[in-house]
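Trainee: First the structure, then my questions, so here it is.
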Amino acid sequence: MKRLCVLVVALMLLLTPALATAQIEQGRIIGTVIDAQGAILPGVTVTAKSAALIGTRSVITESDGRYRFPALPSGNYALTYELAGFTTLVREGIVLSVGTTLTLDIQLQVATLAESVTVTGESPVVDMATTKVGSAFSGEKLVGIPTATDIWSMLGQAPGVRMLGFDIGGSHKSQQSGYESFGIRNQNRVVNEGVDTTEGTGAAGWYADYFVNEEVAVSAAGADVEMNTPGSAVVQTTKSGGNIFKALTNITYEADNFVGNNIDDGTRARGFTGQPNLIFWEGHADFGGPLVKDRVWFFAAYNHFKIDKVISGVARNIATDLGIFDNFTGKGTWKISQKDTAIGYYAWGRKQKPFRGLSAAVSPEAVLAQDSASWLYKGQWQRLWTNRFFVDAQLGLFGYGWPMKPRVDFHDNPPRHDTGTDFDTGAGWLVGNAGGPFNADRNKPQLYVKGTYFLPDKLGSHDLKLGFEWQDDQSVSTNNGNSGPILYLDRNGLVDEIRLTDFNTFESFKKDWTGNDDRNMRHAAYIQDRWAPSGRITLTLGLRYERQRPHYQASIRKPILTEAFEAFTSPAKTLLVRHTVMPRAGISWDVTGQGNTVLKVFYGRYYYNFADRLDNLNPGGTNRKDFKFLDQNGNRLYDGPQELGTLVRSSGGTSTVLDENLKTPYADEISTAFERQFWGESLIRAAYIRKMVRKDFTTFNVLRNGQFTVPTTVTIPIRNVGDPPPGVNQTFDLMDIPPALRGQVQNVVTNIPADVGGGDYTYDTITISGATS
């Protein structure tokens with residue numbers, strides 16, 4: 001079990017509610033209308049109007065005087081309150097964020113000669129109804145803050161989120177950055193315009209256009225039943241257009257002479273250059289507005305980004321780390337009727353990195369070029385059936401295609417890895433990968449249906465929410481044979497070993513043979529009651545049910561090297577089926593009764609998303625065998641099975657066994673928060689969050705069981721640089737080494753600089769050898 005405790009105190013003095021709560025649903029406005037004597041007023045027509053809302057939306061206060069707008073896009077709102085015999089009141093300047101519930105209690109005066117009264121006051125920023133802890137960033141503020149203009153630079157500003165990498169002048173924009181949320185790594189849910197783009201268990205999935213955001217909200221604690229996992233909910237909302245035409249252009253430029261050099265002389269003398277930006281160039285343009293005012297809106301955007309960086313240890317005239325990105329975004333909103341709204345969304349992105357993987361240990365010819373595409377589609381329908389009943393249905397798709405291609409033909413430049421110098425040449429392979437170039441393809445079709453119903457006068461009011469989710473997370477990550485089926489494993493420039501794999505040709509890939517196709521089918525249903533037994537207390541009580549079915553599709557292996565491998569078909573298989581129930585319970589207390597101070601207490605259970613965590617159980621992947629390479633004719637090329645010596649090692653398929661009693665990992669969260677609004681729209685929040693992870697799992701080699709803490713003693717000589725062997729013997733205790741694989745000492749010299757060890761010494765390398773299968 002892992003326990004994570006975090007105490008967060010945040011103070012924001014901003015003009016917008018940066019410390020709002022983030023969740024997957026839209027914003028809400030609720031409240032109660034009374035007269036001058038404090039009596040409740042049923043039948044008041046409340047109309048919401050905003051540049052972010054197509055048309056207007058109206059509700060009527062219930063018998064208890066309460067009203068509710070269940071789903072509003074983020075924006076600046078004005079509410080109009082009308083009832084015969086009373087002065088019409090217009091309340092302006094209400095700033096609503098994604099996932100926030102704002103409470104506006106209003107008092108109407110008996111009508112006089114004045115037809116209406118307009119009030120512009122401080123917008124409430126304290127969410128008095130929900131238990132979430134998070135942040136919201138408006139698009140205007142995101143554009144105005146000088147950052148790397150990606151979602152990770154924004155996450156670095158969110159309370160409770162700790163980045164695992166540091167962006168300097170946009171240095172990380174071309175790659176994703178890891179992060180944790182109140183101690184939880186991965187298990188995030190990333191949502192882009194309502195589409196779940198989460199890659200695996202927590203990555204963002206793609207490189208979205210930063211400038212199309214109307215708002216980005218991050219919630220790391222206190223999430224209600226719409227959130228499935230214990231990490232962050234990262235919700236990005238795209239601009240919609242509006243009743244007036246608007247456009248944004250942005251150009252960002254950073255040259256290499258803009259970047260400072262903080263490498264000290266000693267580090268530079270050892271050849272370290274860092275990876276500073278050579279150029280950072282981004283151009284963005286968007287345009288939106290009405291096709292028909294209050295009926296049909298459109299929004300369109302294009303973004304082009306180029307970044308080029310130094311590769312540490314590689315001369316600039318040889319190659320640099322070039323990245324080129326293009327994004328297209330389109331969105332349309334149609335107010336079909338006073339009750340119905342339809343939304344369509346499309347986004348497409350391309351990422352090119354022609355020298356991905358290049359380093360001081362990889363020659364320019366041995367890189368694998370990336371040219372990948374990502375796509376998002378969404379169709380959404382919202383209907384306000386009655387004053388109490390609202391439905392939101394959405395069908396979406398997220399996916400990407402990511403092929404890695406060698407820069408040279410393996411027929412003319414076969415791939416080689418020198419195990420003595422750790423240097424790669426020839427067609428790209430990525431030795432850490434089982435078989436060189438790969439295809440990484442993902443598709444995530446998804447369906448969400450949600451309904452809310454407001455029930456007044458039943459021991460208080462009840463804001464009920466029910467929902468259903470379906471998602472088929474498909475992940476294909478497999479080697480494609482584009483650098484051939486053979487890798488030569490030389491040693492210090494001499495022939496040593498050869499690696500054979502069970503590939504066929506790249507041209508026949510996906511037609512005659514395939515690789516891993518791992519999937520997780522997920523169904524979920526939830527119910528929640530946000531019960532307000534009095535005007536100052538709100539109880540949130542919910543249950544979320546989820547069914548996960550990790551499985552893999554059939555795969556076909558049809559190797560060229562039949563002397564080493566047999567053809568076979570791996571049938572499809574369901575790995576496990578898990579049913580989970582997640583309770584959520586919270587209470588919010590209006591401490592002063594004035595809607596500006598709240599105390600929240602919350603408990604919730606969140607189960608982990610399996611995603612593709614069980615992919616090592618799929619036997620349909622790459623198989624490989626490493627032999628001693630005899631090279632009988634000395635041409636350094638494989639000429640047939642007669643040149644195969646002793647089998648050194650083999651791997652592939654799967655030897656991993658699933659524990660049939662494997663439980664779904666989960667995290668229990670206990671949190672409490674105190675929030676108070678002061679002058680203007682400033683707010684202070686103090687929160688304590690405790691997350692307890694249980695039943696997590698990993699994979700380990702059962703043959704190593706019992707050896708993890710058993711020392712194996714090895715004696716090696718130590719001597720000054722330049723001194724002849726043997727030197728002075730020194731004893732080391734090696735852990736996690738089975739007796740059958742005790743090391744042999746090889747006479748390989750390693751220099752340790754004086755500023756590290758206090759002098760120049762030589763340690764002979766300790767090599768642990770042994771065959772595995």
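The values are calculated or read from the model by the stated rules, or taken from the named source; none is laboratory data. Here the structure is a predicted model, which means the values were calculated and not measured. Quick reminder, even Gly has a Cβ in these numbers, built from the backbone with ideal geometry, and neighbours come from all protein chains shown. These area figures cover heavy atoms from the full protein model, side chains too; ligands, DNA and RNA do not enter into them. Shrake-Rupley method; radii C 1.70, N 1.55, O 1.52, S 1.80 Å.
Trainee: What number comes out for the charge environment of Asn243, summing +1 per Lys or Arg and -1 per Asp or Glu over other residues with Cβ under 13 Å away?
Mentor: +4
Trainee: Going through the cross-link list Lys306/Lys351; Lys465/Lys695; Lys663/Lys691; Lys306/Lys331, which pairs have a Cα-Cα distance over 21 Å in this structure?
Mentor: Working: Lys306/Lys351 10 Å; Lys465/Lys695 30 Å; Lys663/Lys691 18 Å; Lys306/Lys331 25 Å.
Going by Cα-Cα distance, Lys465/Lys695; Lys306/Lys331 fall outside the 21 Å limit.
Trainee: Next up: Based on Cβ point charges of +1 for Lys and Arg and -1 for Asp and Glu, what charge dipole magnitude is obtained for the chain about its Cα centre, in debye rounded to the nearest 20?
Mentor: Once rounded to the nearest 20, the dipole reads 1760 debye.
Trainee: Which order do Asp631, Asp294 take by accessible area at a 1.4 Å probe, largest first? Intermediate values should be presented prior to the final figure.
Mentor: Working: Asp631 20, Asp294 70 Å².
In descending accessible area the options line up as Asp294, Asp631.
Trainee: Enter the accessible area of Tyr666 (Å², nearest 10), with the probe set to 1.4 Å and all protein chains included.
Mentor: 30
Trainee: Find me the longest stretch of the chain that has none of the exposed trypsin sites (Lys or Arg not before Pro), where exposed means in a DSSP loop (not H, G, I, E or B) with at most 11 other Cβ atoms within 10 Å.
Mentor: Working: sites that count: Arg270, Lys458, Lys511.
Longest run free of exposed loop sites: 1-269.
Trainee: Quick one: order Ile60, Ile498 from most to least accessible surface, probe 1.4 Å.
Mentor: The ordering from most to least exposed comes out as Ile60, Ile498.
Trainee: Taking only protein heavy atoms into account and a 1.4 Å probe, give the accessible area per residue of the chain in Å². Mind dumping the intermediate values first?
Mentor: On the way: 33400 Å² over 773 residues.
I get 43 Å² per residue for this part.
Trainee: Between Tyr545 and Gln37, take the C-beta separation as r, use R0 = 60 Å, and let me know the FRET efficiency to the nearest 0.05.
Mentor: It comes to 0.80.
Trainee: Efficiency by 1/(1 + (r/R0)^6): what FRET value for Leu637 and Glu566, r their Cβ-Cβ distance, R0 = 25 Å, to the nearest 0.05? Intermediate values should be presented prior to the final figure.
Mentor: Numbers: r = 24 Å, r/R0 = 0.97.
Efficiency at R0 = 25 Å is approximately 0.55.
Trainee: Would you mind calculating the relative contact order of the chain from Cα pairs under 8 angstrom and at least 6 residues apart, reporting the percent as a whole number? Walk me through the numbers before you get to the answer.
Mentor: On the way: 2170 pairs, mean separation 79.1, N = 773.
This gives 10 percent for the chain.
Trainee: Taking +1 at the Cβ of each Lys and Arg and -1 at the Cβ of each Asp and Glu, which of Asn618, Gln26, Asn729 sits farthest along the dipole of the chain towards its positive end, judged by Cα position relative to the Cα centre?
Mentor: Towards the positive end, the residue furthest out is Gln26.
Trainee: Return the long-range amide H neighbours of Thr130 (sequence gap of 5 or more, or a different chain), with a cut-off of under 5 Å between placed amide H atoms.
Mentor: For Thr130, the qualifying residues are Thr101.
Trainee: With +1 on each Lys and Arg Cβ and -1 on each Asp and Glu Cβ, and nothing else charged, work out how big the dipole of region 273-426 is about its Cα centre, in Debye to the nearest 20.
Mentor: That gives region 273-426 a dipole magnitude of about 940 debye.
Trainee: Please give the charge dipole size of region 484-529, origin at the Cα centre, charges +1 on K and R Cβ atoms and -1 on D and E Cβ atoms. Round to the nearest 20 debye. Working shown, then result.
Mentor: Values: 6 positive and 9 negative charges, 23 e Å.
Taking the Cα centre of region 484-529 as origin, the dipole is about 120 debye.
Trainee: Once you have a ≥ b ≥ c as the square roots of the Cα gyration tensor eigenvalues for the chain, tell me rounded if a/c is under 1.5, and otherwise prolate or oblate according to whether a/b is larger than b/c.
Mentor: Numbers: a/c = 2.09, a/b = 2.07, b/c = 1.01.
Prolate.
Trainee: Tell me, Kirkwood radius of region 318-398 from alpha-carbon pair distances, in Å?
Mentor: Details: mean 1/r = 0.0619 Å⁻¹.
Evaluated over region 318-398, this radius sits at 16.2 Å.
Trainee: Please give the length that would be gained between Gln338 and Thr56 if that part of the chain were fully extended, namely 0.36 nm times their separation in residues minus their C-alpha to C-alpha distance (nm, one decimal).
Mentor: 100.7 nm
Trainee: Relative contact order for region 387-479: what percent, with Cα pairs under 8 Å and sequence separation of 6 or more?
Mentor: The value is 33 percent.
Trainee: If contacts are Cα pairs under 8 angstrom and at least 6 residues apart, what is the relative contact order of region 444-504 in percent?
Mentor: That works out to 26 percent.
Trainee: What is the spin-label model distance, in nm, from Thr47 to Met735 if the labels are put 7 Å beyond Cα along the C-beta direction?
Mentor: So the label points at Thr47 and Met735 sit 7.2 nm apart.
Trainee: Heavy atoms of the protein only, probe of 1.4 Å, neighbouring chains included. What is the accessible area of Ile556 in Å², nearest 10?
Mentor: Looks like 70 Å² after rounding.
Trainee: Over the chain, with every protein chain in place, what whole percent of the accessible area is carbon and sulfur at 1.4 Å, could you tell me? Let's see the in-between values first.
Mentor: Details: 19100 of 33400 Å².
About 57 percent, which is the carbon plus sulfur part of the accessible surface.
Trainee: Let me ask you something else. Given 0.36 nm per residue, what is the gain on full extension from Arg578 to Trp381 after removing their alpha carbon distance, in nm? Don't skip to the answer; put the middle values down first.
Mentor: Working: separation 197, 0.36 × 197 = 70.92 nm, distance 3.11 nm.
So the extension gain works out to 67.8 nm.
Trainee: Taking a label point 7 Å from the Cα of Leu447 along the Cα→Cβ vector, which residues of region 188-218 have an amide N closer than 17 Å to it?
Mentor: Zone members listed by number: 195-196.
Trainee: If you don't mind, another one. With the Cα gyration tensor of region 195-315 giving a ≥ b ≥ c as the square roots of its eigenvalues, does the rule (a/c under 1.5 for rounded; else a/b larger than b/c for prolate; else oblate) give rounded, prolate or oblate?
Mentor: On the way: a/c = 3.54, a/b = 1.56, b/c = 2.27.
It comes out oblate by the Cα gyration axes.
Trainee: Could you give the length gained by full extension between Val728 and Gln594, i.e. 0.36 nm per residue of separation minus their alpha carbon distance, to one decimal place?
Mentor: Working: separation 134, 0.36 × 134 = 48.24 nm, distance 7.88 nm.
In short, 40.4 nm is gained.
Trainee: Select from region 351-394 those chymotrypsin sites (Phe, Trp or Tyr not before Pro) which occupy a DSSP coil region and have at most 14 other Cβ atoms within 10 Å, ordered by residue number.
Mentor: When the chymotrypsin sites (Phe, Trp or Tyr not before Pro) of region 351-394 are filtered for loop state and at most 14 Cβ neighbours within 10 Å, Trp385 remain.
Trainee: Considering the options Tyr607, Gly178, Phe258, tell which one lies farthest towards the positive end of the dipole of the chain, charges being +1 on Lys and Arg and -1 on Asp and Glu at the Cβ, about the Cα centre.
Mentor: Tyr607
Trainee: Given the protein chains as shown and a 1.4 Å probe, how many square angstrom of Asp418 are accessible, to the nearest 10?
Mentor: Only protein atoms counted, so the area is about 20 Å².
Trainee: Once a ≥ b ≥ c are taken as the square roots of the eigenvalues of the Cα gyration tensor of region 249-311, is the result rounded (a/c under 1.5), prolate (a/b larger than b/c) or oblate (a/b not larger than b/c)?
Mentor: It comes out prolate by the Cα gyration axes.
Trainee: Once the Cβ-Cβ distance between Asp409 and Ser63 is put in as r, and R0 is 60 Å, what FRET efficiency do you end up with, to the nearest 0.05?
Mentor: 0.15
Trainee: Restricting to bridges with both residues inside the chain, how much of the DSSP beta-bridge set is antiparallel, in percent to the nearest 5?
Mentor: So the antiparallel bridges amount to about 95 percent of the total.
Trainee: Which listed residue (Val119, Phe166, Leu155) has the Cα farthest towards the positive end of the charge dipole for region 111-188, taking +1 on Lys and Arg C-beta and -1 on Asp and Glu C-beta about the Cα centre?
Mentor: Phe166
Trainee: Let me ask you something else. Chymotrypsin sites (Phe, Trp or Tyr not before Pro), restricted to region 240-287: which are DSSP loop and have at most 16 other Cβ atoms within 10 Å?
Mentor: Here the sparse-neighbourhood loop sites are Phe245, Phe272.
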